[in-house]
Amino acid sequence: MNIPTSVTSIGGYAFQYCYNLDGITIPSGCTGAFPDHGFISCTNLSAINIPSGVTSIASACFYLCSNLQTLTIPSTVTSLDYNYALIGLYKLTNLTLPSGFNLALNISTSSLMSVVSLENMIDAAASGLSVTWAIGSVNMGKLSSTYLSKASGKGITLA
């Protein structure tokens, strides 16, 4: 799907439950916030390009996009609402975060985070974050000692 270049923002719930949406091109003129529940349960969406100029990613924006494999967060994003924004991305294998991006997570009540997603988030995080990611005991149990050590080495405290 190609969104016309005249579109400058995407509304909340715009693509909610678009199960057959497998790709989307968002014009560079789309700026501001990626919406609350914008792409929730787009289960066939495998990649999305977030244009530079987007400044925030709202709650549950990509919740349960279970086929999403690639996600690049541009350097213009200064706020990512961790409340389910990246939960349920079971096939996420390529997460790119801007240098120095402090991704604060609280997913302690959810068991929907796959071990691959957790490992990729740790790999993508910049060193020296000094943040705590509240992932809970269920998610903590999914991580190997290698990734627990890697997180610690980057300044990420997992609780």
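Take region 26-43 and flag every residue that is of a type outside the set (D, E) and either closer than 17 Å to S66 by Cα or at pLDDT below 90 (or both).
Step one: filter region 26-43 for residues of a type outside the set (D, E), giving 26-35, 37-43.
Within region 26-43, T31, G32, A33, F34, P35, H37, G38, F39, I40, S41, C42, T43 meet the criteria.
In this structure, is A85 more than 12 Å from the chain's Cα centre (by Cα), modelled with pLDDT under 85 and either among the β-branched types (V, I, T) or crowded, with 16+ Cβ neighbours inside 10 Å (or both)? Against the criterion (more than 12 Å from the chain's Cα centre (by Cα), modelled with pLDDT under 85 and either among the β-branched types (V, I, T) or crowded, with 16+ Cβ neighbours inside 10 Å (or both)), A85 does not qualify.
When N2 is tested against the conditions (1) within 19 Å of I87 (Cβ to Cβ); (2) without any contact (Cβ under 8 Å) to a residue 40 or more places away in the chain, the lone failure is (1).
When you check L95 against the structure, is it part of a loop (DSSP other than H, G, I, E, B) and either modelled with pLDDT of 85 or more or in contact with a helix residue (DSSP H, G or I) (Cβ under 7 Å, 6 or more places away or on another chain) (or both), yes or no? Before the answer, list the steps.
On the way: part of a loop (DSSP other than H, G, I, E, B): no; either modelled with pLDDT of 85 or more or in contact with a helix residue (DSSP H, G or I) (Cβ under 7 Å, 6 or more places away or on another chain) (or both): yes.
Criteria not met by L95.
List pairs: first residue in region 8-34 and without any contact (Cβ under 8 Å) to a residue 60 or more places away in the chain, second residue acidic (D, E) anywhere in the structure, Cβ distance under 8 angstrom, at least six positions apart or on different chains. From residues that are without any contact (Cβ under 8 Å) to a residue 60 or more places away in the chain, the pairs are G12/D36; Y13/D36.
The values are calculated or read from the model by the stated rules, or taken from the named source; none is laboratory data. None of these values were measured; they are calculated from a predicted model. In this analysis, Cβ positions are derived from the backbone assuming ideal geometry, glycine residues included, and neighbour counts consider all displayed protein chains.
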